[in-house]
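The next block holds one structure in the form of structure tokens; read it before the comments.
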Amino acid sequence: MYRISPQLSEKIKHFATFPQTGVSLRQMVMFGQNPTQGTLFKASQFLSEELPIRLAHRVKELEELPHNLSDMPSIIRVKN
């Protein structure tokens, strides 16, 4: 069973305090039509900032499930 270290737990808490940035379907379509090196660079910057935030939110949600659902074997498997 995997245990989150105290340092990682603090990082998760830190990133979970930031709001997730919304991306519309229209934005995704416009980005994908004619990507340039500049737009690809912006996308990589966005992802490097956004992925830790989104992952932290998912981890937090799994920890805060109601009625002890976070102790279910399937949820533990996902967390691990």
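The values are calculated or read from the model by the stated rules, or taken from the named source; none is laboratory data. The shown structure was predicted, so the numbers you read here are calculated from the model rather than taken from an experiment. With ideal geometry, Cβ positions are generated from the backbone for all residues, glycine too; neighbour counts draw on all protein chains shown. Keep in mind that these areas ignore ligands, DNA and RNA; they rest on the heavy atoms of the full protein, side chains included. Shrake-Rupley method; radii C 1.70, N 1.55, O 1.52, S 1.80 Å.
So here's what we get for this one:
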| item | result |
| --- | --- |
| Carbon plus sulfur fraction of accessible area for the chain, probe 1.4 Å, in percent | 62 percent |
| Accessible area per residue in Å² at 1.4 Å probe, computed on region 39-80 | 77 Å² |
| Cβ-Cβ FRET estimate between residue 42 and residue 71, R0 fixed at 41 Å, reported to 0.05 | 0.50 |
| Taking only Cα atoms of the chain, radius of gyration then Dmax in Å | 16.4, 48 |
| Alpha carbon centroid spacing (whole Å) that separates region 58-80 from region 1-56 | 22 Å |
| Rounded tilt (10° steps) of 37-63 against the dominant C-alpha axis of the chain | 20 degrees |
| Pairs of lysine residues in the chain - Cα separation under 20 Å, sequence separation of 8 or more or cross-chain | 5 |
| Rg over Rh [alpha-carbon atoms, Kirkwood Rh] for region 12-58 | 1.06 |
